[in-house]
Amino acid sequence: MPNWLPTLDGIVQWLVEGIQVADVGCGHGYSTLMMAEEFPNSRFHGFDTQTASIEAARKHAEAAGGRQTGGVCPSRRDDLFRRQYGLVCFFDVPHDLGDPVDAARHVAKVLAPGGTVMLVEPFAHDHTADNLSATGQLYYAASTRPRHPST
Ligand SMILES: C[S@@+](CC[C@H](N)C(=O)[O-])C[C@H]1O[C@@H](n2cnc3c(N)ncnc32)[C@H](O)[C@@H]1O
C-alpha cells in the first residue's frame, strides 16, 4: 500500500489533506483500515456485496477503534452513489466482477473533479505457457484477460 498510492499523481497529498475514498470490494476491510489509519483527515468507505464480509469489516474497524468505524458501510448501490470520491480503489476485485467495464463506467460517475482510480489486480501473462508456476497458474485462472480469438 505505501508503494502503490504514490504511483498516482498527487493522491497522497490529497489523502493527507482529506478526501472521500471508496474501497470497492473491500472484503474484510483490511485495505480500508490500512488507509484510514495512515490518513486520518480522509474518510474511507468500504463497499462489498457479501454481507459476511461487511460484518467482518465492521468488527475489524470497531476493534481498531476511532473514527474509521463509520467509514465501513454495506455495498448498496445507493450508498456508493451518495457522494463523490477523490479516490476509488479496487484491490484484487475486477476479476470478481461480472462486468468490470460497466463497473468502471459507474465509478466514473462518482469521481470528484480530478478524482482518480487505484486498480490493483493479480498479474498474469496472456499465454498459458508463460504462467507455468504455482502462482502463475492461480493468477491466470483468476485474472481478467482479453478474450482470445481461439476461445
Ligand atoms: C478477492 S476479494 C478482495 C478483497 C479485498 N479487496 C482484499 O484485497 O483483501 C474480492 C472482493 O470483491 C467483492 N465483490 C465482488 N463483486 C462485487 C461487487 N459487485 N461490488 C462490491 N464488491 C464485490 C467480493 O465479495 C470480495 O470481497
Of the criteria (1) assigned to a strand (DSSP E or B); (2) modelled with pLDDT under 90, which one Gln68 fails: (1)
Close pairs from the stretch 104-124: first closer than 12 Å to Gln84 by Cβ, partner of a type in the set (Ser, Thr, Tyr), Cβ under 8 Å, at least 6 apart: Val110/Tyr85; Leu111/Tyr85; Ala112/Tyr85; Gly115/Tyr85
Where a residue in the stretch 25-39 is among the polar types (S, T, N, Q) and its partner, wherever it lies, is part of a helix (DSSP H, G or I), with Cβ under 9 Å and at least six apart: Thr32/Ala57; Thr32/His60; Thr32/Ala61; Thr32/Gln68; Thr32/Gly71
Given (1) part of a helix (DSSP H, G or I); (2) modelled with pLDDT under 90, index of the condition Gln13 fails: (2)
Single condition Gly98 does not satisfy, out of (1) modelled with pLDDT under 85; (2) in contact with a Ser or Thr (Cβ under 7 Å, 6 or more places away or on another chain); (3) in a loop (DSSP other than H, G, I, E, B): (2)
Considering residues of the stretch 53-63 that are under 20 Å from Phe90 (Cβ atoms) and out of contact with any helix residue (DSSP H, G or I) (no Cβ under 9 Å at 6 or more places or on another chain) only, the residue nearest to the ligand (Cβ to nearest atom): Ser53
Qualifying residue in the stretch 84-94 (condition: surrounded by 12 or more Cβ atoms within 10 Å (Cβ to Cβ), at pLDDT below 90, part of a strand (DSSP E or B) and within 13 Å of the ligand (Cβ to nearest atom)): no
Of residues in the stretch 20-38 being surrounded by 20 or more Cβ atoms within 10 Å (Cβ to Cβ) and away from the ligand (no atom under 12 Å from the Cβ), the one modelled with the highest pLDDT: Val21
Test result for Ala108, outside any loop (DSSP other than H, G, I, E, B), at pLDDT 80 or above and of a type outside the set (D, E, K, R): yes
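The values are calculated or read from the model by the stated rules, or taken from the named source; none is laboratory data. Treat the numbers as computed from the prediction; the structure is a model and nothing was measured. Don't worry about glycine lacking a Cβ; one is built from the backbone with ideal geometry, like all the others, and counts go over all protein chains shown.
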